[in-house]
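To start, the structure under review is shown below, and the notes come after it.
Just so it is clear, none of the values below were taken in a lab; they were calculated from the coordinates. Keep in mind it's a predicted model, so treat the numbers as computed, not measured. When we count neighbours, we look across all protein chains shown, and the Cβ atoms used for this are built from the backbone with ideal geometry, even at glycine.
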């Protein structure tokens with residue numbers, strides 16, 4: 001687990017981004033890559049090698065490194081992305097849902113112009129995920145008929161938006177793929193189930209519940225899938241210890257992986 | 001154990017007892033239960049008949065030889081008919097995804113290769129393709145590296161299908177099918193051993209290319225293997241496809257139509273047996289698959305028999321692709337197999353030392369005796385690793401069992417912030433209920449074998 005200085009965690013985009021730290025080190029710049037507007041700071045880490053509270057003998061103690069996530073991409077997104085987003089907005093409006101109410105933002109990732117093939121992420125508010133999935137599956141111009149599951153991501157430093165569920169959808173008809181991302185706070189980790197639209201998400205949602213503790217409301221049987229039923233905690237969360245014991249090898253002791261020095 | 005400062009409401013308190021399973025899954029001792037470890041069921045059947053219970057739940061596995069691994073099947077049966085079928089998985093969960101968050105991007109390869117142990121190259125390739133997309137170096141990966149990846153993946157597909165056919169036959173009592181399949185697989189593993197040094201868990205495909213160039217004598221080995229494997233595949237076809245017992249057990253069983261496949265997200269040979277020619281190699285080509293000549297066989301029978309036929313046909317198609325790879329490799333001898341960017345490329349090429357393994361002598365001489373900077377660079381890249389720009393990526397490849405997806409999230413650090421694998425076996429096992437309910441108990445074994453789950457990939 002990455003060590004965090006309690007004083008600097010929970011940083012947000014509003015936090016001032018100093019370029020020179022108290023120790024006089026210049027930041028490894030959180031500058032946005034070309035073609036991308038800005039990065040959202042979800043957490044700030046300090047120092048290196050995972051050592052804290054023992055005096056700065058390495059000289060890296062003053063290093064401050066923000067953990068970032070890309071912000072919404074401005075239009076045009078490029079390729080078929082604009083068309084899909086427009087059609088989705090239309091279909092949602094027909095169903096009585098305003099696009100802006102359902103969708104928080106659209107991210108093209110990695111940024112266009114970086115030379116890499118890009119991917120589309122639509123950030124959806126939890127209460128509208130089922131409507132968005134239904135629209136994406138059923139409209140003939142969208143037709144994302146294959147769901148490739150749900151995966152979770154935990155950002156403990158992102159206050160109020162700690163848990164993310166990421167849905168991967170593929171349109172065999174049009175040969176397209178996109179991603180839906182839903183954010184919920186750790187204090188109220190509830191997302192409506194999408195098994196009514198994509199029955200295949202059954203086990204994937206169970207897995208995300210098991211490992212991240214996201215509750216999928218309305219799921220037919222939201223039981224743990226990999227861990228035993230009475231297991232305490234959700235192992236893939238960042239605040240859940242990896243575990244492990246020191247291993248002796250030829251007289252030297254190798255610490256468990258989460259206690260070895262870390263560079264990030 | 002951990003030095004974290006706070007625990008969340010759902011997590012265990014630091015310093016508290018280690019998390020563990022505290023009680024058996026079923027406490028109810030009033031339910032009569034019987035254990036069988038093979039052999040004759042007559043005694044158990046007589047006792048159950050005495051009890052006169054209407055509802056009998058049979059637990060098959062997790063240590064049952066015909067469940068294809070540590071898969072637990074819970075079958076509610078009425079006579080010989082299965083009225084309800086449920087899967088229990090998780091017996092092989094080893095926390096590979098969590099562990100990958102504590103290693104560098106390059107070290108992650110050695111973890112994900114162990115997920116689906118019968119198809120290790122597919123996890124490696126998907127993971128590395130994802131990293132390359134995040135790094136923005138997809139177009140910089142040398143062609144020769146991509147050809148080697150395709151060669152390894154296609155041979156691996158044949159090896160994996162052979163295990164599927166062999167164990168599937170073995171589960172029906174046809175041991176010869178198993179021995180022929182495993183003998184044929186042995187030929188392919190020998191090729192893997194000559195290229196990567198290992199027969200499984202290779203960690204050979206690395207971000208930016210592959211660990212090492214292929215050995216000089218690969219072509220001769222390949223053509224020998226090709227002849228042998230084709231011979232064994234023909235034998236398998238002769239043994240299975242027209243065999244009346246085989247046909248009577250497979251034709252029409254494990255039916256899963258196209259609507260069922262789409263609803264349950266089932267991909268791979270099972271989806272193609274329902275008639276949809278969906279193959280990621282064609283629909284979203286990676287590693288240059290668009291430049292290879294191959295077909296995607298399909299059937300419309302949607303039963304276990306058609307899946308066996310498809311798998312055999314896919315083996316021939318894979319051998320066809322592999323032969324094209326060998327031709328390309330012969331034309332590109334001496335070209336690089338790793339990106340030119342020295343900030344990403346693994347510094348050392350390997351060489352066979354006196355002890356049978358090791359780094360290349362020239363490289364060691366350079367970093368230890370000639371260039372301090374080269375030593376620093378080697379040390380930093382190996383211990384710290386490279387940084388990957390913040391963002392997320394979902395890369396899919398056509399796995400022998402379906403569509404394998406890798407979801408990678410980077411926070412801009414030297415380690416994956418999150419690595420998730422959408423394993424096709426995990427997803428496809430959801431279809432067991434639909435394929436088995438209403439059928440015979442004996443058909444359950446056949447249906448599960450036709451899904452070909454590998455529990456290492458299911459539980460990760």
With a ≥ b ≥ c from the Cα gyration tensor eigenvalues, square-rooted, and the rule rounded for a/c under 1.5, otherwise prolate when a/b > b/c and oblate otherwise, the stretch B:339-426 is oblate
Checking rank on A:191-199, B:195-203, B:77-85, with mean other Cβ inside 10 Å and highest first, the result is A:191-199, B:195-203, B:77-85
Using alpha-carbon positions, the gyration tensor of the stretch A:114-264 gives root eigenvalues a ≥ b ≥ c; with a/c under 1.5 called rounded, otherwise prolate if a/b exceeds b/c, else oblate, the class is prolate
Counting every C-alpha pair in chain B, the percent lying more than 39 Å apart is 29
In deg cm²/dmol, rounded to the nearest 500, the helical mean residue ellipticity at 222 nm of chain B, built from -39500 (n - 2.57) for every DSSP H run of length 4 or more, is -13500 deg cm²/dmol
At q = 0.11, 0.18, 0.19, 0.28 1/Å the base-10 log of I(q)/I(0) from the Debye formula over the alpha-carbon atoms of the stretch B:120-193 is -0.39, -0.74, -0.78, -1.18
Counting other chain Cβ atoms within 10 Å of each Cβ in A:243-254 and taking the mean gives 1
The helix B:372-383 Cα axis meets the longest alpha-carbon principal axis of chain B at an angle in degrees, between 0 and 90 and rounded to 10, of 10
Of B:280-287, B:406-413, ordering from highest average Cβ density within 10 Å down gives B:406-413, B:280-287
Rounded to whole angstrom, the alpha-carbon centroid of the stretch B:232-284 lies from that of the stretch A:148-192 at a distance of 32
Given 37 °C, 0.692 mPa s and a Kirkwood radius over Cα pairs, the Stokes-Einstein diffusion coefficient of the stretch B:169-287 in µm²/s is 186
Between the Cα axis of helix B:42-51 and the main Cα principal axis of chain B, the angle (0 to 90°, nearest 10) is 60
Note: B:255-266 gets an average of partner chain Cβ contacts (10 Å, Cβ to Cβ) equal to 3
Taking Cα atoms only, helix B:143-171 is inclined relative to the longest principal axis of chain B by an angle, in degrees rounded to 10, of 20
Note on the stretch B:398-460: alpha-carbon gyration tensor, axes a ≥ b ≥ c; rule is a/c under 1.5 for rounded, else prolate if a/b larger than b/c, else oblate; result prolate
Reduced to Cα centres, the span from the stretch B:363-397 to the stretch B:174-200 in Å works out to 34
For peptide B:425-431, the mean count of other chain Cβ atoms within 10 Å per residue Cβ is 3
Mean Cβ-within-10 Å packing, highest first, puts peptides A:151-160, B:328-337, B:225-234 in the order A:151-160, B:225-234, B:328-337
Check: C-alpha center the stretch B:81-110 vs C-alpha center the stretch B:295-351, spacing in Å is 25
